[in-house]
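Comments concern the structure below.
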Amino acid sequence: MTDIQYVAPSTLDEAVGAYAAAKGAARILAGGTDLLVQMRAGMVKPGLIVDIKKVAELSAIEKTPEGGFRIGAAVSGAVLEEHPTFGKVWPGVLEGLNLIGSTQVQGRASAGGNLCNGSPAADSIPGLVAAGAIATVQGPNGRRNIPVEQVPTGPGKTSLAPGEILVSFTLPPRPAHSSDAYLRMIPRTEMDIAVVGCAVSLTMDGDTCTAARVSLGAVAPTVLLVEDAAKALVLTKLDDASLDKAAAACSAACNPIDDKRGTIAYRTKVAGVLLKRTTAIAAERAKGG
Amino acid sequence: MAKMHITTTINGEPTEFLCEPYETMLDVLRDNLGMTGSKEGCGSGDCGACSVTLDDRLVCSCLMLAAEAEGHEIRTIEGMSEGEALHPLQQKFLETAALQCGICTPGVLVAADALLKKNPNPSETEVRYWLAGNLCRCTGYDKIVRAVLETAADLRGAAE
Ligand SMILES: Cc1cc2nc3c(=O)[nH]c(=O)nc-3n(C[C@H](O)[C@H](O)[C@H](O)COP(=O)(O)OP(=O)(O)OC[C@H]3O[C@@H](n4cnc5c(N)ncnc54)[C@H](O)[C@@H]3O)c2cc1C
Ligand code: FES
Ligand code: FES
């Protein structure tokens, strides 16, 4: 690690310019909780580190004119948790982000870094996918918006083009009686990697579910949007038969790895179990709100 | 490659240092600035022995580049006591033997102090979750958790 440079530009244009000019030799630095670990392990050897935290847009939490939220890609879990209303509207998104690591890690770790690092087990991503969040990306050729589920393309890989920086996540406005939840299955209760993660976002009308989105983590090469599970829930009273159907859809969507933390059979089964538990929490919250 | 010149504040003192762009805050604290209170247990964010605050937010100094300190404020274990007068957490840890080898202790104290500033009346569960990123190979955690809870109670009592 000798020929390495660090820059912390204050505008997005400068950041994109420096990042693109380095042609793949550069790395973006948000919270650094993946990047610094990887640099220390010798897995990545960037020639240039572009710290994006001084760019105002990447560190902002704003309300959109439509009544949704826009979260800068570099906002840490600790900062988002302190926001007065975000966690009331999107408790599931927040709990996913705040499951990342320890208090110390949460002080730095961002949803943008979690997404761009490309881990299939990234804890904050199922919540954002279930929320229907849109990622805004800016590169040398301008800006584009893509659904979050289209960003990861495989372990450690994303659909971001060379020189593109993730700018923000836009979450849609929430109808009344909507809420969400995220649960993960891990061998410990803290500081571990998800064996399965499940996020559910629901809108309720009395006892009837009128809209749903379901996302699974750690059961395939990327975080998944499970549309069949959502379909099984919509226009039902979340009765046992509907939940069984949605759980089966989750298990069917799984294409997991087999490792010491969980076998294929275990992960596949747990995906269905978590769907039921997560749906129950989201429904309870939605009826309350 | 030229070293970077960083201007920052450490434990309330305006501080300048030179560093390589890839050096961590922990490297600079320990090797350049002689502040060896922060420990390196893992270098990968798992153990919390390197805990410091950055603008009052608890972070691992091993996962922060020293260059990132530019214009910000760092607090370390060296800034915890007022001269010879120990911080109530430090005093309590001594009195209740909430440490054995002491390697984890600076990080635990910095983390516990950050907790009590945010939440003066934490439950035992809250203390355990807050300190989940501070590993201790010796004490079994119980004495640490109790020392934090007792200090919190003392400080609340003193504030009344
Ligand atoms: C002790 C410990 C425990 C952890 N526990 C968990 C856990 O429980 N669950 C979990 O999901 N993760 C966990 N992680 C991993 C990590 O903390 C998360 O992935 C975190 O969200 C990364 O965010 P960051 O801001 O620190 O990213 P960085 O490390 O700054 O960046 C990560 C990667 O994304 C790229 N990048 C970052 N931001 C952008 C952007 N805006 N545009 C383009 N590229 C970008 C970087 O170049 C880098 O390659 C843990 C890490 C540690 C050290
Ligand atoms: S040395 Fe930083 S967390 Fe272990
Ligand atoms: S006292 Fe030895 S590691 Fe905690």
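The values are calculated or read from the model by the stated rules, or taken from the named source; none is laboratory data. Just so it is clear, the model here is predicted, and its values are computed rather than measured. For neighbour counting, all protein chains shown are included, and Cβ atoms are generated from backbone atoms with ideal geometry for every residue, glycine included. With ligands, DNA and RNA removed, areas are computed over all heavy atoms of the protein, side chains included. Shrake-Rupley method; radii C 1.70, N 1.55, O 1.52, S 1.80 Å.
In the list A:I61, A:I71, A:I49, which residue meets the criterion of being within 25 Å of A:P120 (Cβ to Cβ), modelled with pLDDT of 95 or more and aliphatic (A, V, I, L, M)? Give the derivation first.
On the way: A:I61 fails: within 25 Å of A:P120 (Cβ to Cβ); A:I49 fails: within 25 Å of A:P120 (Cβ to Cβ).
Sole residue among the options that is within 25 Å of A:P120 (Cβ to Cβ), modelled with pLDDT of 95 or more and aliphatic (A, V, I, L, M): A:I71.
Against the definition (of a type outside the set (S, T, Y), under 17 Å from A:V167 (Cβ atoms) and surrounded by fewer than 19 Cβ atoms within 10 Å (Cβ to Cβ)), how does A:A56 come out, yes or no? Don't jump to the end; show me each part of the working.
Values: of a type outside the set (S, T, Y): yes; under 17 Å from A:V167 (Cβ atoms): yes; surrounded by fewer than 19 Cβ atoms within 10 Å (Cβ to Cβ): yes.
Here the answer is yes, as A:A56 does meet what is asked.
Among what's in segment A:68-90 and is under 13 Å from the mean Cα position of the chain (by Cα) and without any contact (Cβ under 8 Å) to a residue 60 or more places away in the chain, pick the residue that is nearest to the other protein chains (Cβ to nearest Cβ).
Among those that are under 13 Å from the mean Cα position of the chain (by Cα) and without any contact (Cβ under 8 Å) to a residue 60 or more places away in the chain, it is A:S76.
Specify which of the listed residues (B:L135, B:L99, B:L115, B:L131) is assigned to a loop (DSSP other than H, G, I, E, B) and within 12 Å of chain A (Cβ to nearest Cβ).
On the way: B:L99 fails: within 12 Å of chain A (Cβ to nearest Cβ); B:L115 fails: assigned to a loop (DSSP other than H, G, I, E, B); B:L131 fails: assigned to a loop (DSSP other than H, G, I, E, B).
Every option except B:L135 fails the conditions.
Give me the strands (runs of 3 or more DSSP E) completely within segment A:105-154, filtered to those with at least 1 residues that are open to solvent by 40 Å² or more (accessible area, probe 1.4 Å) and either in contact with a strand residue (DSSP E or B) (Cβ under 9 Å, 6 or more places away or on another chain) or without any contact (Cβ under 8 Å) to a residue 40 or more places away in the chain (or both), ordered by residue number. Full working, then the answer.
Working: elements: A:134-139, A:142-147, A:152-154.
Per the criteria, A:134-139, A:142-147.
Would you call A:V93 within 16 Å of ligand 2 (Cβ to nearest atom), touching a residue at least 40 places away in the same chain (Cβ under 8 Å) and surrounded by 23 or more Cβ atoms within 10 Å (Cβ to Cβ)? Walk me through it before giving the result.
Numbers: within 16 Å of ligand 2 (Cβ to nearest atom): no; touching a residue at least 40 places away in the same chain (Cβ under 8 Å): yes; surrounded by 23 or more Cβ atoms within 10 Å (Cβ to Cβ): yes.
So A:V93 fails the test.
Scanning segment B:138-150 for residues that are away from chain A (no Cβ under 14 Å) and surrounded by 23 or more Cβ atoms within 10 Å (Cβ to Cβ), which turns out nearest to ligand 1 (Cβ to nearest atom)?
B:I144
Give segment A:248-289 a look and list any residue that's modelled with pLDDT under 90, more than 25 Å from A:H177 (Cα to Cα) and open to solvent by 10 Å² or more (accessible area, probe 1.4 Å), or say none. It would help to see each step written out before you state the result.
To start, the set of residues in segment A:248-289 that are modelled with pLDDT under 90 comprises A:256-263, A:288-289.
Okay, now just the ones that are also more than 25 Å from A:H177 (Cα to Cα), so A:256-263.
Passing the criteria: A:P256, A:I257, A:D258, A:D259, A:K260, A:R261, A:T263.
Could you check how many residues of segment B:58-88 are of a type in the set (A, V, I, L, M) and under 12 Å from the mean Cα position of the chain (by Cα)? Can you show your working first?
In the first step, residues of segment B:58-88 are kept if they are of a type in the set (A, V, I, L, M); the result is B:58-59, B:63-67, B:69, B:74, B:77, B:80, B:85-86.
Right, trim to under 12 Å from the mean Cα position of the chain (by Cα) and you get B:58-59, B:74, B:77, B:80.
Number of matching residues: 5.
What's the number of the condition A:S102 fails, among (1) under 13 Å from the mean Cα position of the chain (by Cα); (2) crowded, with 20+ Cβ neighbours inside 10 Å?
All conditions pass for A:S102, except number (1).
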